[in-house]
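Before any comments, here is the structure.
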Amino acid sequence: IVDRKEKLFRSLLVHDRVKAINGKGLMLSLQFENPQIMQQVINNCVENKLIIDSFLFNKNCVRIGPPLIITEDQIREVCTIILDAIDKIKD
């Protein structure tokens, strides 16, 4: 079940600004080009009531660590919020 949920996250979180998706299972991170973009994504997500945070050891990544009981519908909702947050970033 977790593998299927990981694949769903990976299939939905496709964006030009996402440089890599790292991790295994539901312990994932999105890598961006620089910390400024990463921080804007975090801020935009929080405005839409989705709390994501950065890694202390990698200033270009946000962490995605949902509960194991997250549903596929909830994954789709989370991914929509994240992608919308990325789209709001202005160059």
**Fill in**
Expressed in angstrom and ordered largest first, the alpha-carbon extents of the chain along the principal axes are 37, 26, 21
**Message:** Taking all protein chains in place and a 1.4 Å probe, what share, in percent, of the accessible surface of the chain do carbon and sulfur account for?
**Reply:** 54
**Request:** Specify the angular offset, from 0 to 90 degrees and rounded to the nearest 10, of the alpha carbon long axis of helix 2-12 from the longest principal axis of the alpha carbons in the chain.
**Result:** 40
**Value at 222 nm in deg cm²/dmol, rounded to 500, when DSSP H runs of n ≥ 4 in the chain each add -39,500 (n - 2.57)** = -14000 deg cm²/dmol
**Item:** Cα-based helix-to-principal-axis angle, 72-87 vs the chain, degrees rounded to 10
**Value:** 10
**Message:** What does the charge count around Ile21 come to, taking other residues whose C-beta lies under 10 Å from its C-beta (Lys +1, Arg +1, Asp -1, Glu -1)?
**Reply:** +1
**Item:** Rounded tilt (10° steps) of 35-47 against the dominant C-alpha axis of the chain
**Value:** 60
**Request:** May I ask you to list the aspartates and glutamates whose Cα is less than 13 Å away from that of Lys49, ignoring any residue fewer than eight positions away on the same chain?
**Result:** Glu77, Asp84
**Asked** When ligands, DNA and RNA are left out and all protein chains stay put, how many square angstrom of accessible area per residue does the range 10-91 have with a 1.4 Å probe?
**Response** 62
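The values are calculated or read from the model by the stated rules, or taken from the named source; none is laboratory data. It should be emphasised that the depicted structure is a prediction, and the values quoted were computed from it without experimental measurement. Using ideal geometry, Cβ is built from the backbone for each residue, glycine included, and neighbour counts are taken over all protein chains shown. For the accessible areas, the whole protein counts, side chains as well, though only heavy atoms, and no ligand, DNA or RNA atoms are used. Shrake-Rupley method; radii C 1.70, N 1.55, O 1.52, S 1.80 Å.
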